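Q: One structure, as structure tokens, below. Some questions next.
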Amino acid sequence: MPQDASSPLFNQSLAKAFAVLEAFGIERRSMNLPEMAVAANITKSAAQRLAHSLEALGYLRKDAGSKRYSLTPRVTELGMRYMVTSPLIETAHPYLLDLNIKLGETVNLSEPDGLEMVFVQSFAGHRQISVQLPVGSRYPLFCSAAGRAYLSGVPKARADVLIRQSELRAYTPMTLTDPQEIIAQTDAARIAGYAVTDSEFFRGDINIASPILGLADDAVAAVGVSVPVTRWTLKDAKERIAPLVMEAAQALSSPASRSAR
């Protein structure tokens, strides 16, 4: 439940409409009204009203034969509006592109959202890659390099709380799930200036990331590079990629933060 859901200013109908849109995904590409009601945790009558309204607004389409609803391309406009209005994404573009050209590997810009990081900009590697996630993809703070980089750039007490609030599940045999070990890795990233993970979220995927600091000297995002273990060793990634990632992150940090680092 949203933090301010109990506020008299909170609009429950709007929240339910977004719950319907967010219920669609890979496992639910289309839904009928009963399925929509269950997925969005609303009544069937509410699902009917919201589906009709969202269809009228152009965000849902209804198949005449099956009576099932699916998203329309108009939904992408919501995300694109953020992409074209974000000063950070606009500023980061040339730095990420330069990093992508220098390394020939996948470069990402990620921002935090609760206990997850979200890809908001991505440049694919020039060679075959093992993992390529689209913009908008989400992944946990606790087991991703970008997540730990972000955590290393916020006050330690806050970072420790976020780690302990996370669902510490193993995505691969390499995933760290002991909170103390994750906190130790985040503390090490705070000292080194970058975080590194090896096959913790995806097998065969090494990630190096560094935090971007805002005006309050707290992390607001992270620059990350993803490389496959078939081409890189952890040692080489630390030696060759980490300095370039830190350089890009520092360039994107606020002037006050850059002078303090």
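Q: Inspect all residues belonging to region 81-96 and state whether any of them is outside any helix (DSSP H, G or I), open to solvent by less than 50 Å² (accessible area, probe 1.4 Å), of a type in the set (S, T, Y) and more than 28 Å from L14 (Cβ to Cβ). Working first, answer last.
A: Taking region 81-96 first, the residues outside any helix (DSSP H, G or I) are 86.
Subsequent filtering for residues that are open to solvent by less than 50 Å² (accessible area, probe 1.4 Å) retains 86.
In the following step, the residues that additionally are of a type in the set (S, T, Y) were identified as 86.
Still in the list and also more than 28 Å from L14 (Cβ to Cβ): none.
So far as region 81-96 goes, no, none of its residues is outside any helix (DSSP H, G or I), open to solvent by less than 50 Å² (accessible area, probe 1.4 Å), of a type in the set (S, T, Y) and more than 28 Å from L14 (Cβ to Cβ).
Q: Next question. Just to check your reading of the model, which residue among I42, I26 is closer than 27 Å to L115 by Cβ and open to solvent by less than 30 Å² (accessible area, probe 1.4 Å)?
A: I42
Condition check ((1) touching a helix residue (DSSP H, G or I) at 6+ places or on another chain (Cβ under 7 Å); (2) among the β-branched types (V, I, T); (3) under 27 Å from S86 (Cα atoms); (4) modelled with pLDDT of 95 or more) across all residues:
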| site | (1), (2), (3), (4) |
| --- | --- |
| E181 | no, no, no, yes |
| T197 | yes, yes, no, yes |
| W232 | no, no, no, no |
| A248 | yes, no, yes, yes |
| A256 | no, no, yes, no |
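Q: Additional query: Being in a strand (DSSP E or B) and among the hydroxyl-bearing types (S, T, Y) narrows it down to one of S53, S70, S66, so name that one.
A: Values: S53 fails: in a strand (DSSP E or B); S66 fails: in a strand (DSSP E or B).
Exactly one residue qualifies, and that residue is S70.
Q: Now for a separate question. Out of (1) free of Cβ contacts under 8 Å to residues at least 12 places away in the same chain; (2) farther than 19 Å from V196 by Cα, the odd one out for H93 is which?
A: Unmet for H93, out of (1) free of Cβ contacts under 8 Å to residues at least 12 places away in the same chain; (2) farther than 19 Å from V196 by Cα: (1).
Q: What are the pairs, 6+ residues apart or on separate chains, where a residue within region 220-234 that is over 14 Å from E105 (Cα atoms) has its Cβ under 6 Å from a residue that is of a type in the set (G, A, S)?
A: Short answer, once both residue conditions are applied: V220/G214; A222/S110; A222/A146; A222/A149; A222/A209.
Q: Identify the residue in region 179-197 that is of a type outside the set (F, W, Y) and under 18 Å from the mean Cα position of the chain (by Cα) and, among all such residues, is surrounded by the most Cβ atoms within 10 Å (Cβ to Cβ). Can you show your working first?
A: Keep residues of region 179-197 that are of a type outside the set (F, W, Y), which gives 179-193, 195-197.
In the following step, the residues that additionally are under 18 Å from the mean Cα position of the chain (by Cα) were identified as 186, 195-197.
On the way: T186: 25, A195: 29, V196: 22, T197: 26.
That would be A195.
Q: Moving on. May I ask you to list the residues in region 8-50 that are in a helix (DSSP H, G or I) and of a type in the set (D, E, K, R)?
A: K16, E22, E35, K44, R49
Q: Determine whether region 101-114 contains at least one residue that is open to solvent by 60 Å² or more (accessible area, probe 1.4 Å) and within 21 Å of the chain's Cα centre (by Cα).
A: Yes, because at least one residue in region 101-114 is open to solvent by 60 Å² or more (accessible area, probe 1.4 Å) and within 21 Å of the chain's Cα centre (by Cα).
Q: Tell me, yes or no, whether region 235-257 has at least one residue that is open to solvent by less than 40 Å² (accessible area, probe 1.4 Å), in contact with a strand residue (DSSP E or B) (Cβ under 6 Å, 6 or more places away or on another chain) and assigned to a strand (DSSP E or B).
A: no
Q: What are the pairs with Cβ atoms under 8 angstrom where one residue, in region 74-90, is over 20 Å from A249 (Cα atoms) and without any contact (Cβ under 8 Å) to a residue 24 or more places away in the chain and the other, located anywhere, is open to solvent by less than 80 Å² (accessible area, probe 1.4 Å) and of a type outside the set (D, E)? Sequence gap at least six, or different chains.
A: R74/G58; R74/Y59
The values are calculated or read from the model by the stated rules, or taken from the named source; none is laboratory data. Note that this is a predicted model, so its numbers are computed, not measured. Neighbour counts are summed over all protein chains in view; Cβ atoms, including those assigned to glycine, are modelled from backbone coordinates with ideal geometry. These accessible areas exclude ligands, DNA and RNA; they are computed on the full protein's heavy atoms, side chains included. Shrake-Rupley method; radii C 1.70, N 1.55, O 1.52, S 1.80 Å.
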